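Chemist: If you scroll down you'll find the structure; I have some questions about it.
The values are calculated or read from the model by the stated rules, or taken from the named source; none is laboratory data. Keep in mind that this is a model prediction, so the values were computed, not measured. Heads up, the Cβs are rebuilt from the backbone with ideal geometry, glycines too, and the neighbour counts pull from every protein chain shown. Surface areas here come from the heavy atoms of the whole protein model, side chains and all, with no ligands, DNA or RNA. Shrake-Rupley method; radii C 1.70, N 1.55, O 1.52, S 1.80 Å.
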Amino acid sequence: MKAAVLHQLGQLPVCEDFSDPVAGEGEVIVEMRAAGIHPIVKALAAGTHYGSTGDVPFIVGIDGTGVLADGTRVYCGGARKPYGTMAERTVVPKGMCLPLPEGLTHEMAAALANPGMSAWLSLTWRAQLAAGETVLILGATGVAGHLAVQMAKLLGARRVIAAGRNAAQLESLRALGANAVIQLDQPQEDLVAAFASEVKAGGIDVVIDYLWGAPTEAFIRAISQRGLDHKAGRVRLVEVGQSAGATITLPADVLRSSGLEINGSGFGSASIEQIVKAIPEFFALAAQGKLHIELETLPLAQIEQAWTRKGDGKRVVVTL
Ligand SMILES: NC(=O)c1ccc[n+]([C@@H]2O[C@H](COP(=O)([O-])OP(=O)(O)OC[C@H]3O[C@@H](n4cnc5c(N)ncnc54)[C@H](OP(=O)(O)O)[C@@H]3O)[C@@H](O)[C@H]2O)c1
C-alpha cells in the first residue's frame, strides 16, 4: 500500500510503498479516507513531542477517518506502530473506532477531532466550565482556538475573550462568538493592562491556554494583586499547548495572593476512555452544523506540499 513514511526525525515524510498491516487480537483494519496534519503529528515527526520514542521508520498520522470492512464510516486513532493514519490502510484497536455521524464528512471529522478534543476536554473536564462564566482563550487564532471559542459559547459561557497575534483571524472570531478580542503582539505592559481591564470589568473564570510562554506570564501578572485586604476570585487555567513557549516563570506569591489554579489537558492526563467519550459529543454538534472549521485537502501523493503548507487558522487534511 501507499503511505507517508518518516525515515528520520526532523525530515519530511515521503509517499512510498509500505507493507500492509495485519490485524491481531482485538484489532481492526481501517481503509483510510482522511487524516489531519495536526501540530502533534509534526512534533512527533520532529521528535520534539513528549510522546516521541525516537523509533523510525514509521507512518505519520495519529488519527483520521476511514471505512471498516462492513462499510461503517469511522473515526480512528491509536494505530499500532510503525503504522499510522496517513496510509491507504491502518491497524487500530477495535475500541478506537468511533462511528461517524451522518452529516459529518470524512475530511471534516479528520480536521476536527484532535483540536476539538483539546478544547472540549479542557472546557468540560479540566475547567468544569459552568454556564454564565467568562472564558479567555489564549491563542484563539489557531484551529483549536477557533473551536474553543465556539465550544465555550455552546457550553453556556457568558463572555468569551479571544487573544491572538493574527489581527484578521482575531476579528473573524467575533462572528464565531467572541465577545472581545485582545491583540497579543503589543508591548508587554499594554498586554498586561488589556488582561487586567477584562479581569476588573467582569472577572475571568477559565483560561484555555494554547500558548504558554510570554502571553501566559502577562496574564498571570494581570491577576496578581498587592495588599492584604483584596479578595481574589478563582481562575482555572488549563494548559493545552505551548505555541509561544515551553516554560514560564511563576512567582510564588501569585499562587498565595490570587485564585489561580493550573492544570493541563492532553494525552496522558486525559484517559483514552475520556477521549473516546468526548469525541462523539462534539462530532454530534458538528454534524448539526454548530461548529465551524476551515480545512484544506491534499492527496497523499502530495504529502510533502501538505506538510509544509502554512495553516493560517485552517487544518490541512491528507486524503487517501
Ligand atoms: N493538549 C492537547 O490535547 C492538544 C490537542 C490539540 C492541540 N494542542 C496544542 O495546541 C496548540 C494549538 O493547536 P492548533 O491545532 O490550534 O494549531 P494551529 O492551528 O497550528 O495554530 C497554532 C496557533 O499558534 C499561534 N502561535 C504560534 N506561535 C505563537 C506565539 N509565539 N505567540 C502567539 N501565538 C502563536 C499561531 O498564531 P499566528 O496565526 O499568529 O501564527 C496559531 O494561531 C498547539 O501547541 C498544539 O500542539 C494540544
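Chemist: Please tell me if residue 290 is without any contact (Cβ under 8 Å) to a residue 24 or more places away in the chain and basic (Lys, Arg). Spell out how you get there, then give the answer.
Modeler: On the way: without any contact (Cβ under 8 Å) to a residue 24 or more places away in the chain: no; basic (Lys, Arg): yes.
It is false that residue 290 is without any contact (Cβ under 8 Å) to a residue 24 or more places away in the chain and basic (Lys, Arg).
Chemist: Oh, and also: Name the single residue that is modelled with the lowest pLDDT among those in region 102-119 being under 25 Å from residue 298 (Cβ atoms) and assigned to a loop (DSSP other than H, G, I, E, B). Walk me through how you get there before you give the answer.
Modeler: Of region 102-119, the ones under 25 Å from residue 298 (Cβ atoms) are 103-119.
Next cut, assigned to a loop (DSSP other than H, G, I, E, B) only: 103-105.
On the way: 103: 94, 104: 98, 105: 98.
Of everything passing the filter in region 102-119, 103 is modelled with the lowest pLDDT.
Chemist: For the condition within 16 Å of the ligand (Cβ to nearest atom), within 27 Å of residue 290 (Cα to Cα) and not hydroxyl-bearing (Ser, Thr, Tyr), what is the one hit in 208, 204, 220?
Modeler: Answer to the selection: 208.
Chemist: What residue, of 108, 117, is open to solvent by less than 50 Å² (accessible area, probe 1.4 Å) and more than 10 Å from the ligand (Cβ to nearest atom)? Spell out the reasoning first.
Modeler: On the way: 117 fails: more than 10 Å from the ligand (Cβ to nearest atom).
Testing whether each residue is open to solvent by less than 50 Å² (accessible area, probe 1.4 Å) and more than 10 Å from the ligand (Cβ to nearest atom) leaves just 108.
Chemist: Just checking, does region 275-296 include any residue being of a type in the set (Val, Ile, Thr), open to solvent by less than 70 Å² (accessible area, probe 1.4 Å), in a loop (DSSP other than H, G, I, E, B) and within 21 Å of residue 66 (Cβ to Cβ)?
Modeler: Yes - at least one qualifying residue is present in region 275-296.
Chemist: I'm trying to understand the selection: among the residues of region 4-19, which are of a type in the set (A, V, I, L, M) and open to solvent by 60 Å² or more (accessible area, probe 1.4 Å)? Break it down stepwise before answering.
Modeler: In the first step, residues of region 4-19 are kept if they are of a type in the set (A, V, I, L, M); the result is 4-6, 9, 12, 14.
Residues satisfying the conditions are 9, 12.
Chemist: Another one. Please count how many residues of region 262-274 are touching a residue at least 24 places away in the same chain (Cβ under 8 Å), exposed (fewer than 14 other Cβ atoms within 10 Å of the Cβ) and not small (Gly, Ala, Ser).
Modeler: The number of residues fulfilling the criteria is 2.
Chemist: Which of (1) part of a loop (DSSP other than H, G, I, E, B); (2) under 24 Å from residue 284 (Cα atoms); (3) touching a helix residue (DSSP H, G or I) at 6+ places or on another chain (Cβ under 7 Å) does residue 75 not meet, given it meets every other one?
Modeler: For residue 75, the failing item is (1).
Chemist: Provide a single number: the residues in region 120-144 that are near the ligand (Cβ under 8 Å from one of its atoms) and either small (Gly, Ala, Ser) or farther than 14 Å from residue 160 by Cβ (or both).
Modeler: Within region 120-144, residues that are near the ligand (Cβ under 8 Å from one of its atoms) and either small (Gly, Ala, Ser) or farther than 14 Å from residue 160 by Cβ (or both) number 7.
Chemist: Please work out which residue is nearest to the ligand (Cβ to nearest atom), limiting yourself to region 237-274 and to residues that are under 15 Å from residue 222 (Cα atoms) and in a loop (DSSP other than H, G, I, E, B).
Modeler: So the residue we want is 248.
Chemist: Moving on. Might you let me know whether region 184-196 holds any residue that is under 24 Å from residue 120 (Cβ atoms) and within 25 Å of the chain's Cα centre (by Cα)? Give the steps one after another, and end with the answer.
Modeler: Of the residues in region 184-196, the ones under 24 Å from residue 120 (Cβ atoms) are 184.
Checking the rest, the ones that are also within 25 Å of the chain's Cα centre (by Cα) come to 184.
Yes: region 184-196 contains one or more residues that are under 24 Å from residue 120 (Cβ atoms) and within 25 Å of the chain's Cα centre (by Cα).
Chemist: Within region 52-76, take every residue that is among the acidic types (Asp, Glu) and closer than 16 Å to residue 98 by Cβ and give me the one that is nearest to the chain's Cα centre (by Cα). Steps first, answer last, please.
Modeler: Taking region 52-76 and keeping what is among the acidic types (Asp, Glu), we get 55, 63, 70.
Retained after the next criterion (residues that are closer than 16 Å to residue 98 by Cβ): 63, 70.
Numbers: 63: 13, 70: 31 Å.
So, considering only residues that are among the acidic types (Asp, Glu) and closer than 16 Å to residue 98 by Cβ, the one nearest to the chain's Cα centre (by Cα) is 63.
Chemist: Within region 88-98, does at least one residue satisfy the condition of being assigned to a loop (DSSP other than H, G, I, E, B), over 22 Å from residue 144 (Cβ atoms) and in contact (Cβ under 8 Å) with a residue 24 or more places away in the chain? Step through it out loud before you land on a result.
Modeler: Looking only at region 88-98, we keep the residues that are assigned to a loop (DSSP other than H, G, I, E, B), and these are 88.
The next check asks that each one be over 22 Å from residue 144 (Cβ atoms); those that pass are 88.
Keeping just the survivors that are in contact (Cβ under 8 Å) with a residue 24 or more places away in the chain gives 88.
For region 88-98, residues assigned to a loop (DSSP other than H, G, I, E, B), over 22 Å from residue 144 (Cβ atoms) and in contact (Cβ under 8 Å) with a residue 24 or more places away in the chain: present.
Chemist: In region 120-232, which strands (runs of 3 or more DSSP E) lie fully inside it and hold 1 or more residues that are at pLDDT 95 or above, in the same structural domain as residue 243 (by TED's automatic domain parsing) and surrounded by fewer than 16 Cβ atoms within 10 Å (Cβ to Cβ)? Please lay out each step first, then the result.
Modeler: Numbers: elements: 134-138, 159-164, 180-183, 206-209.
In region 120-232, 180-183 are the strands (runs of 3 or more DSSP E) which contain 1 or more residues that are at pLDDT 95 or above, in the same structural domain as residue 243 (by TED's automatic domain parsing) and surrounded by fewer than 16 Cβ atoms within 10 Å (Cβ to Cβ).
Chemist: Please specify each residue of region 145-168 satisfying the condition of being away from the ligand (no atom under 15 Å from the Cβ) and out of contact with any strand residue (DSSP E or B) (no Cβ under 7 Å at 6 or more places or on another chain).
Modeler: If the condition is that a residue be away from the ligand (no atom under 15 Å from the Cβ) and out of contact with any strand residue (DSSP E or B) (no Cβ under 7 Å at 6 or more places or on another chain), then 154, 155, 156 are the ones that fit.
Chemist: Are there any pairs with C-beta distances below 6 angstrom linking a residue in region 233-248 that is under 21 Å from residue 267 (Cβ atoms) to a residue that is more than 13 Å from the ligand (Cβ to nearest atom) and open to solvent by 20 Å² or more (accessible area, probe 1.4 Å), with the two at least 6 apart or on different chains, and if so which?
Modeler: The qualifying pairs are 236/261; 237/262.
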